[in-house]
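Here is the structure we will look at, set down as structure tokens.
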């Protein structure tokens, strides 16, 4: 009789082995190039399958043959903490190829869900072959294939020593519920998949034969687990957890491990949703085409808070010192408040990026105000986050805040510099100095705030390459602003200069005042050019070339203005001397003014040659400007000859 029973038990195992041999071999020979993401691996594993069960077999075979069990949690110092959850996440398990039970189950379900197969990670207790029950809980999998829920334990399915490293362990693949419950008891009785659930006391105190005998006895009242699960599947993720919580508390209300595990499940929901929202916010910041639904996003942050509150309420029911110590390793309410505010700040940063890249042309005042408003909203959220944020505990969150802040500060300042440069290019001279001064103060403020955030990013290694890039952007932005301020001073006086040159009678007093203004601008401009050229090491070559082009062209224009005004002065002195018959006595002053014309045209010509070497302007444009300079020089020469 015993031999017959053994054959009956082994028959499904042998049948599975023969039925899935081709899928097992295909899974075993999966190339590494197809394992670089969950999406690619799931797609590959499904290629040779026809049924949902075959897909589940391919997943089970690949995981049990490729993921190594490695327990790095001998104490409670790390187990069940946020760091543990991160390490046992499906992407990390796939990347590292090591896991404990939670990681095996997470990866199994991630692959199954990628193939549209319902799958859930189940937590509970297990019984070792010697009848002992480990202190820590265990995690396994239920997945639906071909219309039925199936039970899997990919952790226990890993081939043991001497069993053949490349042979699939059949025992924990689609194990019948009445056999699975002999050594696996889930916290939620629905996942026993039995009409007569086994209670924890019976599981702990009874042998395998006694549990089997209990299950074979008729029951007065059947547990409609299938209806329970169908209803459960119709709920959203939050109500699924609440629904499961009520069953767990009813079935295991005095079991601290089960209650802690339930709290950890809420924490898992918090963690998964937080990671999703964080990635979506990052996508909205980094991808111009990705736009976030802020109403939905804010609703999800509220849901995050609910998950955390429920997890904390369950953790507070812990009485044993060990469990209380474990619960303290989860995020505190202050931590969570900081994380939620940071998410909102990232959301507003993403909205800023969307608006920033939408207004690519010269922005209007309304558009600039929109960007200012989004920066203010993001700043408000980040400041609230920093009030309770512990950077020693959650450093990456702090780093992201500094990253996001510096990004928008620098971008907005650069956009305002762009506005100033366009105003100068389009020769908008009305109140230009006042405008540059007002905008320049805000630009400097944003660049300074950006520099402060970048500096914070450098205080703790590793120092990322983008910090140097942003420091360079700030330096270049401030240099561009200074260039605009100098150029604006000349642009501001141009209408008065043109009026002075063309007006009759000519005012020598006004000319001297204007010449002094131009000389002051010239001195500032030359000092600035020297400073740029002497400190150009490490500066972006394209930026430096464009900056020097603008400065050299500004030098040409300024020298041409100086030369023209000096010529107008010399001509006025000459005409006045002839009229007063004082030519002999005034020759020195006239000749000095003419020499100033020659000096200015020489400097203008040198500047034009530098502009020509940059290749930014056409030869025709350069030639036209040179003709203007030569014409001015010839006029001065003729005046000088007329005096002889």
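Things to note:
- Breaking point among (1) closer than 22 Å to residue 305 by Cα; (2) more than 27 Å from the chain's Cα centre (by Cα); (3) in contact (Cβ under 8 Å) with a residue 12 or more places away in the chain, for residue 269: (2)
- Residue 460 vs. criteria in a loop (DSSP other than H, G, I, E, B) and in contact (Cβ under 8 Å) with a residue 60 or more places away in the chain: yes
- If you go through segment 494-514 and keep only what is within 55 Å of the chain's Cα centre (by Cα) and either at positive phi or buried (at least 19 other Cβ atoms within 10 Å of the Cβ) (or both), you end up with 497, 514.
- Criterion applied to 239, 231 was being out of contact with any helix residue (DSSP H, G or I) (no Cβ under 8 Å at 6 or more places or on another chain) and assigned to a helix (DSSP H, G or I), and the one residue passing it is 239.
- Just one of the numbered conditions (1) under 30 Å from residue 83 (Cα atoms); (2) at pLDDT below 90 is not true of residue 425: (1).
- Selection within segment 521-544 - more than 18 Å from residue 556 (Cβ to Cβ), assigned to a helix (DSSP H, G or I) and touching a residue at least 24 places away in the same chain (Cβ under 8 Å): 543
- Leading residue by the ranking (farthest from the chain's Cα centre (by Cα)) among those in segment 359-377 that are touching a residue at least 40 places away in the same chain (Cβ under 8 Å) and either outside any loop (DSSP other than H, G, I, E, B) or on the phi > 0 side of the Ramachandran plot (or both): 368
- When restricted to residues that are within 20 Å of residue 455 (Cβ to Cβ) and crowded, with 17+ Cβ neighbours inside 10 Å, segment 395-431 contains 17.
- Filter pass, residue 583 being within 18 Å of residue 636 (Cβ to Cβ) and either assigned by TED's automatic domain parsing to the domain that holds residue 637 or crowded, with 21+ Cβ neighbours inside 10 Å (or both): yes
- Failed item, numbered, when residue 506 is tested on (1) touching a helix residue (DSSP H, G or I) at 6+ places or on another chain (Cβ under 6 Å); (2) at pLDDT 95 or above: (2)
- Of all the criteria given as (1) in contact with a helix residue (DSSP H, G or I) (Cβ under 6 Å, 6 or more places away or on another chain); (2) assigned to a loop (DSSP other than H, G, I, E, B), the one not satisfied by residue 107 is (2).
- Listed by first and then second residue, the pairs with beta-carbon distance under 9 Å, at least 6 apart or on different chains, first residue in segment 205-224 and loosely packed, with under 10 Cβ neighbours inside 10 Å, second outside any helix (DSSP H, G or I) and modelled with pLDDT under 95, are 217/196; 218/196; 221/196.
- Matching entry among 609, 550, 535 (being over 45 Å from the mean Cα position of the chain (by Cα) and either on the phi < 0 side of the Ramachandran plot or loosely packed, with under 15 Cβ neighbours inside 10 Å (or both)): 609
The values are calculated or read from the model by the stated rules, or taken from the named source; none is laboratory data. Nothing here was measured: the structure is a model prediction, and the numbers come from that model. All Cβ positions, even for glycine, are placed from backbone atoms using ideal geometry, and neighbour counts span all protein chains on display.
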